[in-house]
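*Asks:* One structure coming up, written as structure tokens, with questions to follow.
The values are calculated or read from the model by the stated rules, or taken from the named source; none is laboratory data. Since we're looking at a predicted model, the values are computed, not measured. Cβ coordinates were reconstructed from backbone atoms using ideal geometry, including for glycine residues, and neighbour counts include every protein chain displayed.
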Amino acid sequence: MVDVAVAREVKAKLTAPRWRRLGVELRRMARASARAEGRADVEVAVRFVGDAEIHALNRDFRKKDKPTDVLAFAQREGPGGALHPEILGDVIISVETAARQQKRRGVAGLHEELLFLASHGLCHLLGYDHRNDREEAEMNARMALLRAEAARRGRVRAA
């Protein structure tokens, strides 16, 4: 199950059909990750916010006094995380930062950048990190699999 929330101040950045499509793709990625773990589903909350909100979270939780693109709060890493391994945690994405990055990275559109960041956050919830080149390559490969499954039609496969 994926709970998607879009903050009022960023809702106009995409059309309603594009937000709906993004929700479908997020649900496919979550289900694909669940299938890879032999589960029927996992629980993830994804919130799309502005720079002010993610700045405050980044400052309070990571001691970095600036906005960032994506934050992931993994439930599995906390006390008792093993009690409910199907609850992955929360992903927070700054739509404003994503819009700036999308232009710099040459990505086709904001929707694609948001999907990229969502796959990045989901991988962090799944335990991936990018502290060195090997970890980054593994994480990028998993992100690509998740995005490919999000774009596919038909029954969701493990990714």
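*Asks:* Return the residue satisfying two criteria in turn: it lies in the range 38-75 and is in a strand (DSSP E or B) and farther than 19 Å from residue 23 by Cβ, and of such residues it is modelled with the lowest pLDDT.
*Replies:* 74
*Asks:* Applying the selection to the range 60-106, what residues are of a type outside the set (Gly, Ala, Ser), without any contact (Cβ under 8 Å) to a residue 12 or more places away in the chain and surrounded by 14 or more Cβ atoms within 10 Å (Cβ to Cβ)?
*Replies:* If the condition is that a residue be of a type outside the set (Gly, Ala, Ser), without any contact (Cβ under 8 Å) to a residue 12 or more places away in the chain and surrounded by 14 or more Cβ atoms within 10 Å (Cβ to Cβ), then 100, 102 are the ones that fit.
*Asks:* I want to confirm something. Restricting to the range 25-48 and keeping residues that are out of contact with any strand residue (DSSP E or B) (no Cβ under 6 Å at 6 or more places or on another chain) and over 19 Å from residue 148 (Cβ atoms), which single residue is surrounded by the most Cβ atoms within 10 Å (Cβ to Cβ)?
*Replies:* Top of the filtered list is 41.
*Asks:* Let me ask something else. Does residue 138 satisfy being among the acidic types (Asp, Glu) and under 25 Å from residue 7 (Cβ atoms)?
*Replies:* no
*Asks:* Just give me the residues in the range 119-159 being basic (Lys, Arg), more than 13 Å from the chain's Cα centre (by Cα), under 19 Å from residue 72 (Cβ atoms) and surrounded by 13 or more Cβ atoms within 10 Å (Cβ to Cβ), in sequence order.
*Replies:* Matches in the range 119-159: none.
*Asks:* Is one or more of the residues making up the range 10-30 touching a helix residue (DSSP H, G or I) at 6+ places or on another chain (Cβ under 9 Å), assigned to a loop (DSSP other than H, G, I, E, B) and under 17 Å from residue 71 (Cβ atoms)?
*Replies:* No, the range 10-30 contains no residue that is touching a helix residue (DSSP H, G or I) at 6+ places or on another chain (Cβ under 9 Å), assigned to a loop (DSSP other than H, G, I, E, B) and under 17 Å from residue 71 (Cβ atoms).
*Asks:* Only residues that are farther than 17 Å from residue 33 by Cβ and either among the aliphatic types (A, V, I, L, M) or in contact with a Lys or Arg (Cβ under 8 Å, 6 or more places away or on another chain) (or both): list them for the range 112-134, please.
*Replies:* Once the filter is applied, which keeps residues that are farther than 17 Å from residue 33 by Cβ and either among the aliphatic types (A, V, I, L, M) or in contact with a Lys or Arg (Cβ under 8 Å, 6 or more places away or on another chain) (or both), the range 112-134 yields 113, 114.
*Asks:* Report yes if residue 142 is touching a helix residue (DSSP H, G or I) at 6+ places or on another chain (Cβ under 9 Å), in a helix (DSSP H, G or I), of a type outside the set (Ser, Thr, Tyr) and more than 16 Å from residue 67 (Cβ to Cβ), otherwise no.
*Replies:* Yes.
*Asks:* With the condition kept exactly as written, say whether any residue in the range 108-118 is part of a loop (DSSP other than H, G, I, E, B), in contact (Cβ under 8 Å) with a residue 12 or more places away in the chain, at negative phi and surrounded by fewer than 19 Cβ atoms within 10 Å (Cβ to Cβ).
*Replies:* Checking the range 108-118: not a single residue is part of a loop (DSSP other than H, G, I, E, B), in contact (Cβ under 8 Å) with a residue 12 or more places away in the chain, at negative phi and surrounded by fewer than 19 Cβ atoms within 10 Å (Cβ to Cβ).
*Asks:* A further question on this structure: Any chance the range 89-110 includes a residue that's in contact with a strand residue (DSSP E or B) (Cβ under 6 Å, 6 or more places away or on another chain) and at pLDDT below 90?
*Replies:* No, every residue in the range 89-110 fails to be in contact with a strand residue (DSSP E or B) (Cβ under 6 Å, 6 or more places away or on another chain) and at pLDDT below 90.
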